[in-house]
Amino acid sequence: MEIQLWRKRLAPYELAVNEIVTKFNHLIYERHLEGKYSPMQRVEGRVKSISSIIEKMQMKNVNINDLETEILDLAGVRIICQFEEDIFRVKNAIGKRTDMKVIKEKDYVNIMKNSGYRSFHLIVEYEVNTVDGPKKLPVEIQIRTLAMDFWATVEHSLNYKYRGHIPEFVQDKLINASNAIIVLDREMAAVRDEILDAQNYNIVKENLVSDILINLQNLYKVASRREVLRIQSEFYQVFEENDIEKLAHFARQLDKIAEGHGAQSLS
Ligand code: 0O2
């Protein structure tokens with residue numbers, strides 16, 4: 001098939017990946033705006049490269065006419081979580097979405113592949129609107145922890161190096177590493193609440209500081225320089241104290257001052 005035809009055939013998948021990645025990233029953004037922890041840490045996506053599609057078609061003996069029905073990971077989205085239990089929270093949340101329908105699930109988290117690979121896979125049906133009208137297509141969503149992702153990335157590059165024939169002694173090491181990751185993820189789960197508290201604290205603090213700085217910047221345009229300098233030096237003092245309650249109180253007071261000056265609507 002000509003390269004141009006490949007591109008045309010893969011274009012809807014490109015759109016699906018872009019839309020889903022944007023939607024999931026927006027969920028992370030909304031969580032952070034609320035000063036809350038997001039079970040999704042990072043989202044990435046890709047359309048399978050033409051060479052790896054051809055390789056997979058040859059390996060699975062798939063005819064080009066059956067490409068879309070036989071190869072279900074032409075569009076792929078990967079969600080990275082911090083903790084193993086987040087994988088299942090994310091998977092359940094995806095199951096409740098109205099813009100995609102789960103048509104297949106593979107739990108390689110609890111049932112590790114022989115290679116040592118662990119991840120939760122979903123195939124969802126997703127509709128895109130193309131120039132030729134609406135088109136429903138499958139998208140593979142892989143959900144894994146940071147540690148599982150590290151393992152998969154390393155193993156993937158080894159597979160590339162050894163062209164699928166990783167020597168036995170390397171394979172044994174990879175299985176050991178995967179087992180070590182199970183232990184690591186369980187250990188991290190035990191201190192999850194502590195870690196979340198610390199991270200939430202940082203998110204709340206970052207949001208407060210960002211709001212304060214925007215208000216100060218806007219006040220410079222409308223209030224007297226002396227007043228803004230006074231507020232600014234008060235802010236530095238409160239910031240130095242590292243007390244989130246005081247910082248929140250300061251942010252609320254500043255909000256009122258900015259509102260009084262009509263400074264909040266300034267960009
Ligand atoms: P790439 O280069 O990542 O795209 P099936 O449903 O069994 O008919 P499939 O697609 O082989 O078909 O299913 P599976 O096993 O769920 O694998 C899909 C993808 O999961 C793979 O895509 C990999 O991305 C990942 N994966 C599965 N097994 C392994 C593994 O042992 N190691 C690593 N690193 N990744 C794995 P591709 O097309 O193989 O590769």
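The values are calculated or read from the model by the stated rules, or taken from the named source; none is laboratory data. Just so we're clear, the structure is a prediction, and the values are computed from it rather than from any experiment. Here Cβ is always computed from backbone atoms with ideal geometry, including for glycine, and neighbour counts include all displayed protein chains. Quick note on the areas: whole protein, heavy atoms, side chains included, nothing else; ligands and nucleic acids left out. Shrake-Rupley method; radii C 1.70, N 1.55, O 1.52, S 1.80 Å.
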Query raised in the report: Can you list, bin by bin at 5 Å, the percent of alpha carbon pairs in the stretch 210-267, starting at 0?
Result: 4, 21, 33, 25, 12, 5
Query raised in the report: Around GLY45, which amide H atoms from residues at least 5 apart in sequence, or from another chain, sit under 5 Å from its own amide H, with H modelled in the peptide plane?
Result: ARG78
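Counting only DSSP beta bridges with both residues in the stretch 75-215, what percent are antiparallel, rounded to the nearest 5?
75
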Report task. Let me know the shape class of the stretch 102-200, please: from the alpha-carbon gyration tensor, a ≥ b ≥ c as square roots of the eigenvalues, rounded when a/c is under 1.5, otherwise prolate if a/b is greater than b/c, or oblate. Result -> oblate
Report task. For the chain, return all DSSP H helices satisfying: extent of Cα atoms along own axis at least 30 Å; mean Kyte-Doolittle hydropathy at least -0.5. Result -> 3-33, 168-190, 192-222
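Can you list the trypsin sites (Lys or Arg not before Pro) in the stretch 111-149 that are in a DSSP coil and have 13 or fewer other beta carbons within 10 angstrom?
LYS113
Once every DSSP H run of n ≥ 4 in the chain is given -39500 (n - 2.57) and the sum is divided by its residues, what mean residue ellipticity at 222 nm do you get, rounded to the nearest 500 deg cm²/dmol?
Rounded to the nearest 500, it is -20500 deg cm²/dmol.
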Requested in this report: Calculate the spin-label point distance for SER52 paired with TRP6, positioning each point 7 Å from the Cα along the beta-carbon direction, and give it in nanometres.
Outcome: 1.4
Query raised in the report: Quick one: longest stretch of the chain between exposed loop GluC sites (Glu not before Pro), exposed meaning at most 14 other C-beta atoms within 10 Å and loop per DSSP?
Result: 35-267
Report task. Roll a 1.4 angstrom probe over the protein heavy atoms and tell me the percent of accessible area of the chain that is carbon or sulfur. Result -> 52
Query raised in the report: Counting DSSP beta bridges with both partners in the chain, what percentage is antiparallel, nearest 5?
Result: 80
**Report entry** Candidates GLY133, GLY76, GLY35, ranked by Gaussian network fluctuation over the chain, Cα under 10 Å, top entry
**Finding:** GLY133
Report task. For the chain, report the accessible area per residue in Å² (1.4 Å probe, heavy atoms, rounded to an integer). Result -> 61
